[in-house]
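J.: My structure is below; once you've seen it, I'll send some questions.
All of the numbers you see were taken from the coordinates with simple rules; none came from a lab. Keep in mind it's a predicted model, so treat the numbers as computed, not measured. Heads up, the Cβs are rebuilt from the backbone with ideal geometry, glycines too, and the neighbour counts pull from every protein chain shown.
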Amino acid sequence: MTLLQDAAPAKAASDKKSENITRLKSSLQQLLAFASLLALVIFFSVASHSFYQPANLSNILLSTVVTGLLALGTTFVIITGGIDLSIGTGMTLCSVMTAVFMTNMGMPMFVGVLCGILFGAMIGAINGLLIALLKIPPFIATLAMMMVAAGLALVISGTKPVYTTDVEGFQKIFALGKSIPGLVIPNAVFILFAAAIIAGVVLSKTVLGRYTYSIGSNEEATALSGVNVTKWKIWIYTVAGCFTGLAGVIATARLNSAQPAGGMGLELQAIAAVIIGGTSLQGGKGTIIGTVIGALIMAVLTNGLSIMSIPQEWQNVAVGVVILLAVYLDILRRKESAK
Amino acid sequence: MSSELLKISGVSKSFPGVKALSDMQLELRGGEVLALVGENGAGKSTLMKLLSGIYVPDEGRFVVDGEPVVIGGTKHAQELGISIIHQEFNLMPDLTVAQNIYIGREPRIGGIFLSETAMNRKAQFLFDKININLNPKQRVGELTVAKQQMVEIAKALSYKSKILIMDEPTAALNDAEVATLHDLIRNFIKPTTGVIYISHRMDELKAISNRITVIRDGQYIDTVDTATTTMPEVITLMVGREISGEQRPVAAPSSSETVLKVSGLSTKELLKDVSFDLKRGEILGFAGLMGAGRTEVARAIVGADKMSAGTVELNGKAVAMSNPAVAADLGVGYLSEDRKHLGLMLERDVKDNIALSSLKRFSKLGFLNNPAMKAASEEYVATLRIKTPSIAQAAKNLSGGNQQKIVIAKWLVRDCDILIFDEPTRGIDVGAKEEIYALLNQLAATGKSIIMISSELPEVLRMSHRIAVMAEGRIAGFLASAEATQENIMELATRTAAGARTTETPAGVQG
Ligand SMILES: Nc1ncnc2c1ncn2[C@@H]1O[C@H](COP(=O)(O)OP(=O)(O)OP(=O)(O)O)[C@@H](O)[C@H]1O
Ligand SMILES: [Mg+2]
């Protein structure tokens, strides 16, 4: 007898079937998100001629980059069941630091960029320490970090923009230059996609990614299985911080200056993108591809609406409705698969 | 044979307000299964958590393989060759079976990349070796409770440890599954390995253990040889008093009035044409193998699952119970088998857990009547012998068995006319089982009707006026209390739709 009395071959077959169904369901979810993106693009293209002009499309992509990068990092955090409110102003601080590294400190460009990213990693690591080691709830720890970063950005910059116009090729290489002849797509977009691929690989193919899901699914059980949850959580926040740092670098390059006052609110846009992309705030579930689509949906929506000259206030309303829809769809899907 | 694998002595552990263990001792020899028994809250799980590095003892000596050790954490315990199956599930529902088993030691490529194929192959190899039927790639959240338990067992066996601790591994299994688990254990046992086995099912201690260590109220009582000791003797050691024995219920309920009539109940997934009725004051037992559909019947009746066909009548009137809250308002209560997730608010205290689902009873104009809530909670804490320092203790700090009792108390407070108990005594100690049996009988005598789903045949036989036996989503037959035996129940339970008995798959482990 097998251990499961009723486990005849028929059962194995039904296991196989349900496994396939699960897989179908999760790809369906992504398909759905992708379909919504496509529908939005088609809708705006029909509604306005200027929408589908290559220049505008490239504009949309460019405007996705910073939020998109932040969203990539925060996908990790949200899958662990945490939240990171510090990424918006953290990005601003990284932006200021990158500019300071390259100008005041006179670092060579690539070293400055690397240090900018590492600075983001450091912010992430501090978040991770506060959360994993001192057991401060993520919401509180990163809320505090959000204020600290906002303040430091102003202090370090002396509340004035820090210009990087003297750094040769910075803006071109890291933001606006177009490396592929004949294509209007700027480099920053390629950086976003490269970062997304790296994030995707880390999340689905590495040990760190596995523990990200595992912690989000059941933190206590993960710890009881002999995984050093404290250590890994710090690493996960650190990795997320790298993306914040990279976002800071790109933001600086794009404007060829660090703007010390901004960033507040970007974290919520990034979180919105992650949620629209199907990642659950309860943790344990989510994908990078979903997040990328989520970020694109947000960008297309804002761009499309402003092209149709819908006022900013109403754009916000629209984004809010989209978030609600996305989450509700997720709840429906969950109910379906709970059966 | 009697090489000493593990010896602990003078171990104490306190929690705020509770002395969970004092001057505890225990000795595990190579090649043996040592059963550890004691009432709910006696300190069994706490002791095992000390051994597996989850808690740090206040004091005590631990000797593993002749070497004194200080167990520094879960990983250290694993390195010492100690692995544990916890009383509560410790699984990641969003990960697959194989991912759960190999978490923390997944096959890697170059140190950081995962090799999913290697891991699935390893898992499949393990399942084939120990002869359990699991799909490595299935998400654990989709598995039934019993299959999740299999995952836990496979995980513990995969560590190749010397000392295997099982904290109530069979609480969620039926008799046949228990038998095969015992075979797994016998295969595991070698002169250099040992098992500590915690269970409240007295019948299985005889079958599996070599010696039995009894503890009571955090203190060591005695260790006896299983072969030369009778179960009543063990029970007396455990509870410190005698427990009255088995009695069959009165032949028939006092009334013949039908309170619940279910006809043609079917669901998309499993159930086919389930019909039965329940009389006032009747205890109707539901027996069957795991997966036969007993829980599904209960869930469909109270509206937790959708039915695809069939009707439910309460007191002669057709009703639609669209969800369990509606069902409870109509006087039908369902105590789910998965209590930890569906039945308790772990962070809240005992009183809230008992009273919160019947707030209507405890409030006036929206204001809570706290004294009444307290009184009711105190009352049930006393009747069910729930071991807790006070009713203000958070539910998560109670022992597993005492958490179960809280869920039962909660439904008793709710005062439903029809109560569906799904595995009501799972994980509950012998003494308290008797109290619960007495309570069920008393409820039935006062005109409440009870459906009792249980995988423990002796319990079904003892408690039920009538027994419905399910097989493959159908009711295979009814047995009256007087004619029912373990044999004829099993005969019905293994009868398939075609009338043939299930043909069994691979040879090897014999159930
Ligand atoms: N984390 C904790 N905080 C406070 N008290 C606790 C904690 N863990 C256990 N206790 C208490 O310690 C005592 C022993 O609990 P333990 O879980 O070891 O019992 P048990 O013998 O395993 O019982 P059961 O058979 O019900 O599982 C109980 O009174 C329990 O309430
Ligand atoms: Mg216990």
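J.: Against the globular-protein guess of 2.2 N^0.38 Å, express the Cα radius of gyration of region A:161-307 as a ratio, rounded to two decimals.
T.: Its radius of gyration relative to the 2.2 N^0.38 Å reference: 1.22.
J.: Listing A:Val162, A:Val184 from the residue with the fewest other Cβ atoms within 10 Å to the one with the most, what is the order?
T.: So the ranking, lowest neighbour count to highest, is A:Val184, A:Val162.
J.: Within region A:53-263, how many lysine pairs that are 8 or more places apart, or on different chains, have C-alpha atoms less than 24 Å apart?
T.: Total qualifying Lys-Lys pairs in region A:53-263 comes to 5.
J.: Can you work out ³J(HN,Hα) from phi for every residue in region A:108-114, in order, using Karplus 6.51 cos²θ - 1.76 cosθ + 1.60 and θ = phi - 60°, giving whole Hz and x for Gly and Pro?
T.: x, 3, 5, 5, x, 4, 4
J.: Right, another one. Per residue of A:220-231, how many C-beta atoms from partner chains lie within 10 Å of its own C-beta, taken as a mean?
T.: The shielding value for this peptide is 6.
J.: While we're on this one: May I ask you to give the average projected area over all directions of the convex hull of the Cα atoms of region B:1-122, in nm² rounded to one decimal?
T.: 10.2
J.: Could you put B:Arg294, B:Arg495 in order, starting from the residue whose Cβ has the fewest other Cβ atoms within 10 Å?
T.: With the fewest neighbours first, B:Arg294, B:Arg495 line up as B:Arg495, B:Arg294.
J.: Step through the residues of region B:62-79 one at a time and calculate ³J(HN,Hα) from phi using the Karplus curve (6.51 cos²θ - 1.76 cosθ + 1.60, θ = phi - 60°), rounding each to whole Hz and writing x for Gly and Pro.
T.: So the Karplus estimates, Gly and Pro as x, are 10, 10, 10, 6, x, 9, x, 9, 10, 7, x, x, 4, 5, 4, 4, 4, 5 Hz.
J.: For B:Gly104, what is the net charge nearby, where nearby means another residue's Cβ is under 13 Å from its Cβ and Lys, Arg count +1, Asp, Glu -1?
T.: For residues surrounding B:Gly104, the net value is +4.
J.: While we're here: What net charge is computed for the residues neighbouring A:Leu129, neighbours being all others with C-beta under 13 Å from the C-beta of A:Leu129, Lys and Arg scored +1, Asp and Glu -1?
T.: Once positives and negatives cancel, what remains is +3.
J.: If you don't mind, there's one more thing I want to ask. Report the equivalent ellipsoid semi-axes for region A:53-263 in whole Å, largest first, defined as the square roots of five times the eigenvalues of the gyration tensor built from alpha carbon atoms.
T.: So the equivalent ellipsoid measures 30, 21, 13 Å along its semi-axes.
J.: If you don't mind, there's one more thing I want to ask. Going toward the positive end of the dipole of the protein assembly as shown, with +1 on Lys and Arg Cβ and -1 on Asp and Glu Cβ, which of A:Leu329, B:Val302, A:Ser45 do you reach last?
T.: So the residue we want is A:Ser45.
J.: If you don't mind, there's one more thing I want to ask. As an exercise, take the mean of 1/r over every pair of distinct alpha carbons in the protein assembly as shown, invert it, and state the Kirkwood radius in angstroms.
T.: That comes to 30.0 Å for the protein assembly as shown.
J.: Related question: Can you work out ³J(HN,Hα) from phi for every residue in region A:52-65, in order, using Karplus 6.51 cos²θ - 1.76 cosθ + 1.60 and θ = phi - 60°, giving whole Hz and x for Gly and Pro?
T.: 8, 4, x, 4, 6, 4, 5, 4, 4, 4, 4, 6, 7, 4
J.: Any idea what angle helix B:430-445 forms with the longest principal axis of chain B, computed on alpha-carbon atoms, 0 to 90 degrees, nearest 10?
T.: So the inclination is approximately 0 degrees.
J.: Under 5 Å between amide H atoms, partner at least 5 residues away or on a different chain: which partners does A:Ser257 have, H built in plane at 1.01 Å?
T.: Distant-sequence amide H within range of A:Ser257: A:Thr164.
J.: Hey, how many Å between the Cα centroid of region A:185-204 and the Cα centroid of region B:16-60?
T.: When both Cα centres are located, 51 Å separates them.
J.: Specify the inter-centroid distance of region A:89-138 and region B:77-131, based on alpha-carbon positions, in whole Å.
T.: So the separation of the two Cα centres works out to 36 Å.
J.: Please enumerate, by chain and number, the lysines with C-alpha under 28 Å from the C-alpha of B:Lys360, excluding those fewer than 8 residues away in the same chain.
T.: Hits, sequence-local ones excluded: B:Lys261, B:Lys279, B:Lys306, B:Lys317, B:Lys340, B:Lys351, B:Lys374, B:Lys387, B:Lys396, B:Lys405, B:Lys410, B:Lys448.
J.: What is the sum of charges, Lys and Arg at +1 and Asp and Glu at -1, for the other residues whose Cβ falls under 12 Å from the Cβ of B:Glu152?
T.: Local charge sum for B:Glu152: -1.
J.: Same structure again: Going by how many other Cβ atoms sit within 10 Å of their own, how do B:His86, B:His200 line up, fewest first?
T.: The most exposed by this proxy come first: B:His86, B:His200.
J.: Given H placed on each backbone N at 1.01 Å, which residues far from B:Ile420 in sequence or on other chains put an amide H within less than 5 Å of it?
T.: B:Gly333, B:Tyr334, B:Leu335, B:Ile451
J.: After finding the eigenvalues of the alpha carbon gyration tensor for chain B, what semi-axes result from the square roots of 5 times each, listed largest first in whole Å?
T.: That gives 37, 28, 23 Å for the three semi-axes.
J.: Relative contact order, percent, of chain A when contacts are C-alpha pairs under 8 Å separated by at least 6 residues?
T.: Relative contact order of chain A: 31 percent.
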